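What follows is one structure encoded as structure tokens, with my remarks underneath.
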Amino acid sequence: MKSLIFRTYAEGDAPGPSVLLPAFCPDQYQGPRILALLGLKGKKIVAGAILGALLMASAAEAAPSVLAAWSRPAAQGTTGVGFLTLLNSGAKPDALLSVETPGARQVQIHQSSVIGGMASMQMVPSVPVPPGGRIIFAPGGYHLMFLDLTKGQKVGDTLPATLVFASGRRVKARFVVGLTPPKATSVSMP
Ligand SMILES: [Cu+2]
């Protein structure tokens, strides 16, 4: 079953920020195919418990928050994808720099686009989140790549992660594995 899921490129071969990557990416919808491969049927999605980062010090500067984090089913050792919405309710600009998770050997931030009629994706070093801004990671745009998943992700599972921002803030989130974006109630609070 693994043979149908292609790696985008070899590990350790990650290109620089401006290098275009091959078009295939879990960003492209393949939920039904993977479900069929795994012999899974739609399972009731269990709302993940939300881990919140502790609010530290003064409340003057609100930490960025993560809304509706979700991922798609994927087999162990393959590449998973993560979508979410970032909110910056603070007064200063911030930027997502990296994502840490025990669920994958490496996490990259990618941006999909269509150039000359061809879909491609690009690794980006950071994603700015302006004050009062809302940045949406969604199919066809920004997304996270979970390279070399340490275990299989099936519908209803959750993938814990920590988002690291330029401000030094570390925001915890749980990516709920599903076929479609979660309801707006799946919110990770800082
Ligand atoms: Cu990608």
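The table below gives the values:
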quantity	calculated
Residue in segment 137-148 that is farthest from the ligand (Cβ to nearest atom), counting only those that are under 10 Å from Gly80 (Cα atoms) and surrounded by fewer than 21 Cβ atoms within 10 Å (Cβ to Cβ)	Asp148
Contacts under 6 angstrom Cβ, first residue in segment 76-92 being of a type in the set (Phe, Trp, Tyr), partner within 16 Å of the ligand (Cβ to nearest atom) and not in a loop (DSSP other than H, G, I, E, B), 6 or more apart	Phe83/Trp70; Phe83/Phe137; Phe83/His143
Residue check for Lys172: away from the ligand (no atom under 16 Å from the Cβ), in a loop (DSSP other than H, G, I, E, B), of a type in the set (Lys, Arg) and closer than 15 Å to Val66 by Cα	no
Whichever residue in segment 76-116 is hydrophobic (A, V, I, L, M, F, W, C) and more than 20 Å from Leu147 (Cβ to Cβ) and, among such residues, is farthest from the ligand (Cβ to nearest atom)	Ala91
Odd one out for Pro128, checked against (1) within 13 Å of Leu84 (Cβ to Cβ); (2) surrounded by fewer than 17 Cβ atoms within 10 Å (Cβ to Cβ)	(1)
Residue match in segment 181-189 (condition: more than 21 Å from Lys92 (Cβ to Cβ), in contact with a helix residue (DSSP H, G or I) (Cβ under 7 Å, 6 or more places away or on another chain), surrounded by fewer than 20 Cβ atoms within 10 Å (Cβ to Cβ) and not aliphatic (A, V, I, L, M))	no
Selection from segment 61-120 of residues that are buried (at least 22 other Cβ atoms within 10 Å of the Cβ), closer than 19 Å to Asp157 by Cα and of a type in the set (D, E, K, R)	Arg72
Count of residues meeting criterion [in a strand (DSSP E or B) and touching a Lys or Arg at 6+ places or on another chain (Cβ under 7 Å)] in segment 98-136	0
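A short reminder: the numbers here are calculations on the coordinates, not readings from a lab. These numbers come from a predicted model, not from an experiment. Reconstructed Cβ throughout: ideal geometry from the backbone, glycine too, with neighbour counts over all protein chains shown.
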